[in-house]
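**Q** Below is a structure I'd like to ask you about.
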Amino acid sequence: MLAARNIKATFYVIGRSVDLHPGVLRRTVAEGHEIGNHSQTHRLLSKLSDSEVRQEMQRCQDAVGRAAGVRMRTMRPPYGGLLQSQRELVHREFGYPTILWSVDPLDWKRPGPSVVASRILSGTTAGGIVLAHDLHSQTVDAMPATFDGLLRKGFKFVTVSQLIAMKRETSEAQASVTPVN
């Protein structure tokens, strides 16, 4: 579906799933998609100790390294739950910025493919990050219409790291402009 539309995406993976299905991860990487850390076991990180958060990040990082030999550059906490001190720890020790989202179609509630597509199409704005879970068949079923609708609206798909780089370039360009009186 992505290849047919020349779309690259970022997949936030759970380490235990990578361990169970390393071939899926290798294929995802081979097709040019970005991989991000989504923890080893999908626990709510804000309820864990610093040591447990470290283990969650490290074990997922190790699983991805074993399966595909790639280094992840970002992380998304399960449920979006991460304390500020934990964000700082993860960034300091792993180099991962914490990535959340701007559009959540609540696909995990299984509202049906047309609702998922509609919520994404109506909620997406320039520079946005769409949250979608590929483990729900109805979300997968919603994606062709979603991708085609966003492409028709003129959206360009990029990985999260590409989006970060684009935002950084824009900020730097704006900072270098000197106002003329």
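**Q** Taking θ as phi - 60°, what are the ³J(HN,Hα) couplings along segment 112-119 by the Karplus curve (6.51, -1.76, 1.60), each to the nearest whole Hz, with x for Gly and Pro?
**A** Per-residue couplings from phi come out as x, x, 5, 5, 4, 4, 4, 5 Hz.
**Q** Once you charge only the Cβ atoms, +1 for Lys and Arg and -1 for Asp and Glu, what is the size of the charge dipole of the chain about its Cα centre, to the nearest 20 debye?
**A** Charge dipole, the chain, about its Cα centre: 140 debye, nearest 20.
**Q** Taking θ as phi - 60°, what are the ³J(HN,Hα) couplings along segment 30-42 by the Karplus curve (6.51, -1.76, 1.60), each to the nearest whole Hz, with x for Gly and Pro?
**A** 4, 7, x, 8, 8, 10, x, 7, 10, 5, 7, 10, 6
**Q** Turning to a different aspect of this structure: In terms of modelled amide H atoms, which long-range or inter-chain residues lie less than 5 Å from the amide H of Phe11?
**A** Amide H neighbours of Phe11: Glu34, Ile35, Gly36.
**Q** Here's something else I'd like to know. Could you tell me the distance between the Cα centroids of segment 73-100 and segment 129-151, to the nearest Å?
**A** 25 Å
**Q** Restricting attention to segment 72-181, which trypsin sites (Lys or Arg not before Pro) occupy a DSSP loop and are surrounded by at most 11 other Cβ atoms within 10 Å? If you can, show how the numbers build up before the last one.
**A** On the way: sites: Arg73, Arg87, Arg92, Lys109, Arg119, Arg152, Lys153, Lys156, Lys167, Arg168; in loops: Arg73, Lys153, Lys156.
Here the sparse-neighbourhood loop sites are Lys153, Lys156.
**Q** Looking at Val29, Tyr79, Gly15, which one has the Cα that reaches farthest to the positive end of the dipole of the chain (charges on Cβ: Lys, Arg +1; Asp, Glu -1)?
**A** So the residue we want is Val29.
**Q** Now for a different question. What's the magnitude of the charge dipole for segment 5-63 around its Cα centre, counting Lys and Arg as +1 and Asp and Glu as -1 at the beta-carbon? Answer in Debye, nearest 20.
**A** Values: 9 positive and 7 negative charges, 42 e Å.
Dipole magnitude for segment 5-63 comes out near 200 debye.
**Q** I need the phi-derived Karplus couplings for segment 46-62: 6.51 cos²θ - 1.76 cosθ + 1.60, θ = phi - 60°, integer Hz, Gly and Pro marked x.
**A** 5, 9, 9, 6, 4, 4, 5, 4, 3, 4, 4, 5, 5, 5, 5, 4, 5
Any read-out appearing in this document is the output of simple, stated calculations on the displayed coordinates, not a laboratory observation. Values in this document were obtained by computation on a predicted structure and should not be read as measured data. Reconstructed Cβ throughout: ideal geometry from the backbone, glycine too, with neighbour counts over all protein chains shown.
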